[in-house]
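Heads up, the thing below is written out as structure tokens.
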């Protein structure tokens, strides 16, 4: 498989990836993600779920533990190597399939092969063609199946650029709607009005949109981590997130946006 800037970067960080996201903020993010995703899981035990851009297998393992037949797919071979090890540690190795694939080219999978498709962790924004990626996610989903996509928000990134006084980058960002992720590859950012159009063009009807999290803007990372390290405050913030993270007036300012579509 042809290497891309994204696959080279993720190969390089595969062994340390999980430790980089082990913090109160990312635990809050994961809990919000999981509680929302569970609303759309197939009802049939043993249903087939494709986890695209699965990285080290975090969500693949969680889904396999519920009895689903999971395929863990990623562009990075080394990420998949870590995912295999993690699944083996959980005794789930035989229950999860592992396939190296580009989100814009899922030819390994047939039309309508999955009862649900998950693309967490921004693979749609990290690829060369988000529209093509969504069309592929839709193609491999069964009619009526849910497709769950997580992607970086536009306005929170713009706010960060303003706060960092990166004025030259702002003009470039407004024109391209993309940044350089860790100076390694382009990452595209989306508004909540653009995302439904992207899904519709791929044959998906929007079911829900949430922010993840919606109360992070206005605080720097150190402030967020300090706040969420208190377990009682963590639970309170999580409760508020669940209550308000689908409020249209604040979703757009979220650092991440999760959109769920249904195959029409």
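The values are calculated or read from the model by the stated rules, or taken from the named source; none is laboratory data. Remember, predicted model here, so these are calculated numbers, not experimental data. Glycine also receives a Cβ, built like all others from the backbone with ideal geometry; neighbour counts cover every protein chain displayed.
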note = The residue from 115, 160 that alone is within 23 Å of residue 210 (Cα to Cα) and part of a strand (DSSP E or B) is 115
remark   = Selection over region 170-207 where residues are surrounded by 15 or more Cβ atoms within 10 Å (Cβ to Cβ), in contact with a strand residue (DSSP E or B) (Cβ under 6 Å, 6 or more places away or on another chain) and in a strand (DSSP E or B) yields a count of 10
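Out of the residues in region 59-90 meeting the condition of being outside any helix (DSSP H, G or I) and within 18 Å of the chain's Cα centre (by Cα), tell me which one is surrounded by the fewest Cβ atoms within 10 Å (Cβ to Cβ).
Pass one, region 59-90, residues outside any helix (DSSP H, G or I): 66-76, 90.
In the following step, the residues that additionally are within 18 Å of the chain's Cα centre (by Cα) were identified as 70-76.
Values: 70: 30, 71: 22, 72: 29, 73: 27, 74: 30, 75: 27, 76: 26.
Residue satisfying both the conditions and the ranking: 71.
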Sole exception among (1) under 24 Å from residue 261 (Cα atoms); (2) modelled with pLDDT under 95 for residue 6, by number = (1)
request  = Could you pull out the residue among 19, 7 that is assigned to a helix (DSSP H, G or I) and surrounded by fewer than 18 Cβ atoms within 10 Å (Cβ to Cβ)?
outcome  = 19
remark   = Picking from 262, 243, 236, the residue that is surrounded by 14 or more Cβ atoms within 10 Å (Cβ to Cβ) and either modelled with pLDDT of 95 or more or assigned to a helix (DSSP H, G or I) (or both) would be 262
request  = Within region 124-139, work out how many residues are out of contact with any helix residue (DSSP H, G or I) (no Cβ under 7 Å at 6 or more places or on another chain) and either within 23 Å of residue 178 (Cα to Cα) or crowded, with 24+ Cβ neighbours inside 10 Å (or both).
outcome  = 7
